[in-house]
Amino acid sequence: TDDRPLTVEMRTTAITWAGAPAILASLRAITELRRQEAAREVSEARLSRAQRIAKLGHWEWSLKRQSLTWSDEIHRIFEIDPRAPLTFEGIVSMIHPEDRARNQAFVEHLLAGGERAELRFRLLLPDGRIKHVLQFAEVHRDDAGEPEAVIGTMHDETAHRQAEHDLQASEARYRRPF
């Protein structure tokens, strides 16, 4: 015998039974469902924490619905409130003007038949700061071979790029004759 508690879901409906009012109740065991939900929540929290630590987020662009979904980390990279609506125009406007044509070519390549691509670009934030981002994307196609979604990741490389710049500047200073 199993003495562990059982979680159940109960639904009731008012009915008439043999001419008299009655209540019909149904029970469904949901212990396993609750366990799976808890495990999923833990997994999602771990993924979110790992993405925050790595400064790596994921996104999905549904071409059929023309909708874009971002992970919390991509919102942090772009410094956009997760509750704010995402628009393609708003996103493109944050890409550094010198990188917009390459971004457009990146998208066109994927939609024209490319399976995977990567792009390094810069974000130009409203306060003038620049962030460096590395993006990987792949296209998912339907049975007819038409693109239905583009799924990708973005990695904030700003700190790494700054460290490289600082190292190069330091090396240049020490290479100059005294």
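The values are calculated or read from the model by the stated rules, or taken from the named source; none is laboratory data. Please read these numbers as outputs of a predicted model, since none were measured by experiment. With ideal geometry, Cβ positions are generated from the backbone for all residues, glycine too; neighbour counts draw on all protein chains shown. These area figures cover heavy atoms from the full protein model, side chains too; ligands, DNA and RNA do not enter into them. Shrake-Rupley method; radii C 1.70, N 1.55, O 1.52, S 1.80 Å.
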Checklist entry - Taking only pairs six or more apart or across chains, which ones have beta-carbon atoms under 7 Å, a first residue in region 153-176 that is modelled with pLDDT of 85 or more, and a second residue that is open to solvent by 70 Å² or more (accessible area, probe 1.4 Å)? => result Thr153/His58; Thr153/Phe136; His155/Lys55; Asp156/Lys55
Checklist outcome for this item: Of (1) crowded, with 18+ Cβ neighbours inside 10 Å; (2) within 19 Å of Lys55 (Cα to Cα), Leu110 satisfies every one except (2)
Checklist entry - Does Leu56 satisfy being modelled with pLDDT under 90 and among the hydrophobic types (A, V, I, L, M, F, W, C)? => result no
Checklist entry - Leu123 fails exactly one of the following numbered conditions: (1) under 18 Å from the mean Cα position of the chain (by Cα); (2) at pLDDT below 95. What is the number of that condition? => result (2)
Next on the checklist: With the requirement that a residue be open to solvent by 30 Å² or more (accessible area, probe 1.4 Å) and not charged (D, E, K, R), what does region 126-146 give you?
Outcome noted: Pro126, Gly128, Ile130, His132, Phe136, His140, Ala144, Gly145
Checklist entry - If you take the residues in region 150-178 that are among the polar types (S, T, N, Q) and open to solvent by 80 Å² or more (accessible area, probe 1.4 Å), which one is farthest from Phe136 (Cα to Cα)? => result Gln168
Item to check | Residue count for region 136-175, restricted to those that are closer than 22 Å to Ile74 by Cα and small (Gly, Ala, Ser) | outcome: 5
Checklist outcome for this item: Those residues of region 1-56 which are under 17 Å from the mean Cα position of the chain (by Cα) and either more than 30 Å from His75 (Cα to Cα) or of a type outside the set (A, V, I, L, M) (or both) amount to Arg40, Glu41, Ser43, Glu44, Arg46, Ser48, Arg49, Gln51, Arg52, Lys55
